[in-house]
Amino acid sequence: MTPESRDESGDLSPDEAFAILANETRFEIIQTLWELYEPDDPANLVKFSDLYDSDTAVTFSELYDRVGYGDTGNFNYHLEQLTDHFVRRTDAGYELTEAGFEIARAVVAGTVRERPHLDATELDADCPRCDAPVVAHYENHHLIVSCSECRGIWQNATGEAGVLFTFPLPPTGLSGRTPDEAFHATLAFNLNRVQSFISGICPDCSSAVDQSLDICENHDPRDQSGCPDCHRQHLIEVGEVCHQCKSVARGPLSIAILAHPAVAAFYYDHGIEHLFASWETFRHAQSVEEEILETDPLRIRLTVPCENDRLRLTLDETLSVVEAVEETSYVRD
């Protein structure tokens, strides 16, 4: 089925979507509607809900004039190809659908006036493993954070170098921010996404996600040098994959468990306001103890310490917490 012959009321396949958007005029229509959209207008605060009487859509003539297309008939044809999926027709004219907004936002997030760049910069943060200064640099739309002394949490295949984390950050995330501000923004941006994955919901398309575990059978992190088998400090890694839009999240289970409400309550009882989407999550995760209790069925124990107390969490094969026990006044080895 070609875009021209598709059923307007039906679903749009990825091939059809790419074919529709691979046209300069159609893309310019989306861009123009986005530029004319006023998010502060009360009628746009609750979009598509008909809670307000006013209709903020753009008229055909205004849209035609703004785009500057020379042929009214062909312009109307291109507009109709976008309608229902990327553009919505109202009594007053045309406006972007949520899918249209997502296309525009993806372009805006990756566009800045100058190509963003951040050389290796020492941050106002200490390594959670050795307390040495943390260093960050930005390349390929990712913020790479490393320790200035140790090999961090993940090591390369030779074990000679490693990182604390490598997180994606749209170029606009650097705009107007200091390196330290970009560092914390990256953590908040990505760990909030991780929390959505943990809840079983893809943060990009809202589809269900599939979960998998990677347990290193011969784990031997060897202090600061990393495990020679899995090249990481943590025993258990959890992966979350959305097969609908191919978004993915992967990281230590010792970090993911810190999103559980039992952990937040445990810290709060000790006078700590635990915010998952923060640098402190990485710091706390380095003291979480991992243990495989059983393999069939799988039972995992994670122990979260705080002062002289600890919270023991037992997880099943779905990573659901089946038991939470708090122990007080213990002394760690």
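With the requirement that a residue be without any contact (Cβ under 8 Å) to a residue 24 or more places away in the chain and either closer than 13 Å to Ala249 by Cα or surrounded by 14 or more Cβ atoms within 10 Å (Cβ to Cβ) (or both), what does region 191-207 give you? Even if it seems obvious, please write down each step before you answer.
First pass over region 191-207, keeping only residues without any contact (Cβ under 8 Å) to a residue 24 or more places away in the chain: 196, 199-201, 206.
Result: Ser196, Ser199, Gly200, Ile201.
For region 84-113, give me each residue that is more than 17 Å from Leu21 (Cβ to Cβ) and of a type outside the set (Val, Ile, Thr). Even if it seems obvious, please write down each step before you answer.
First pass over region 84-113, keeping only residues more than 17 Å from Leu21 (Cβ to Cβ): 89-93, 95, 112-113.
Listed by number, the residues that qualify are Arg89, Asp91, Ala92, Gly93, Glu95, Arg113.
Conditions (1) at pLDDT below 95; (2) aromatic (Phe, Trp, Tyr); (3) touching an Asp or Glu at 6+ places or on another chain (Cβ under 8 Å), marked per residue:
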position: Gly176; (1), (2), (3): yes, no, no
position: Ile201; (1), (2), (3): no, no, no
position: Val209; (1), (2), (3): no, no, yes
position: Asn218; (1), (2), (3): yes, no, yes
position: Gln233; (1), (2), (3): yes, no, no
position: Val248; (1), (2), (3): yes, no, yes
position: Leu258; (1), (2), (3): no, no, no
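Looking at Thr56, Thr90, which one is farther than 21 Å from Val107 by Cα, in contact with an Asp or Glu (Cβ under 6 Å, 6 or more places away or on another chain) and modelled with pLDDT under 85? Give the derivation first.
On the way: Thr90 fails: modelled with pLDDT under 85.
Result of the check over Thr56, Thr90: Thr56.
Among the listed residues Thr72, Thr59, Thr83, Thr97, which satisfies the condition of being among the hydroxyl-bearing types (Ser, Thr, Tyr) and in contact (Cβ under 8 Å) with a residue 60 or more places away in the chain? Before you say what the answer is, go through the steps one by one.
Working: Thr72 fails: in contact (Cβ under 8 Å) with a residue 60 or more places away in the chain; Thr59 fails: in contact (Cβ under 8 Å) with a residue 60 or more places away in the chain; Thr97 fails: in contact (Cβ under 8 Å) with a residue 60 or more places away in the chain.
Thr83 is the lone residue from the list that is among the hydroxyl-bearing types (Ser, Thr, Tyr) and in contact (Cβ under 8 Å) with a residue 60 or more places away in the chain.
The values are calculated or read from the model by the stated rules, or taken from the named source; none is laboratory data. Since this is a predicted model, take the numbers as computed values, not measurements. For neighbour counting, all protein chains shown are included, and Cβ atoms are generated from backbone atoms with ideal geometry for every residue, glycine included.
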